[in-house]
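Here's the structure we're looking at; comments come further down.
We did not get these values from a lab; they are worked out from the coordinates using the rules stated. Please read these numbers as outputs of a predicted model, since none were measured by experiment. Here the Cβ positions follow ideal geometry from the backbone for every residue, glycine too, while neighbour counts run over all protein chains shown.
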């Protein structure tokens, strides 16, 4: 048991340290983070599109025409992301803004139904305001989203490091017993 805790503590600590470093890098270079995301998205769309299109054409069974079309559309979307990164970033932000606004409104409605859950209403307001902010200021919304991801990663990393120290301490207590 104590060996398992030591192994877990080591893994948690390293995971936490990497998370903190990753979060700090995100905060240090927000524009690079957005560009890297778009490159990864473009590569993903092209690679999966090629696999689906070639696989569908090679197999030619079932819904091979639909699979081929999906593959070709994915490749076109990937090429579009590379050729128009600004518009692609706006499209991703628009989807996030629509989601945040819709989820926020639904949370507000749910918060008022039944027992007037003010925490749910507050959560919905935060999401809805964030969605509206992205619509009103897409560049600021992109930066805010990157900051949220960076800060969440750092906070998660700190929590993992604390968990690692606690697991290590528990392992030492068990070895003394």
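Descriptive notes on the structure:
- Shape index of the chain: Rg/Rh, with Rg the Cα radius of gyration and Rh the Kirkwood radius from the inverse mean 1/r over Cα pairs, equals 1.13.
- Crossing angle, helix 64-83 versus the chain [Cα axis fit, 0-90 degrees, rounded to tens]: 70
- In terms of other Cβ atoms within 10 Å, 174, 45 run from fewest to most in the order 174, 45.
- Per-residue ellipticity at 222 nm computed for the chain from its helices equals -33000 deg cm²/dmol, with DSSP H segments shorter than 4 residues left out and the rest contributing -39,500 (n - 2.57).
- Calculated FRET efficiency for the pair residue 103/residue 47, C-beta based, R₀ 41 Å, to 0.05: 0.85
- Maximal additional length on extending the residue 158-residue 15 stretch stands at 50.5 nm, based on 0.36 nm per residue less the C-alpha distance.
- When the chain is treated as a Gaussian network with alpha carbon springs shorter than 10 Å, the biggest mean-square fluctuation among 89, 142, 47 belongs to 47.
- Of 146, 20, 32, the one that fluctuates the most in a GNM where the chain has Cα springs shorter than 10 Å: 32
- Each of residue 115 and residue 79 was given a label point 7 Å from its Cα along the Cα-to-Cβ line. The distance between the two points is 5.7 nm.
- Angle in degrees between helix 30-59 and the longest Cα principal axis of the chain, rounded to the nearest 10: 60
- C-alpha long axis of helix 138-176 to longest principal axis of the chain, angle in °: 30
- Site pair residue 91 and residue 64 shows an inter-label distance of 2.9 nm when each label is modelled 7 Å from Cα along Cα→Cβ.
- Of the residues 176, 166, 60, the one with the fewest other Cβ atoms within 10 Å heads the list, and the complete ranking is 176, 60, 166.
- Packing-based exposure ordering (other Cβ within 10 Å, fewest first) of 61, 107: 61, 107
- Taking each residue as 0.36 nm, the span from residue 144 to residue 122 lengthens on full extension beyond its C-alpha to C-alpha distance by 6.0 nm.
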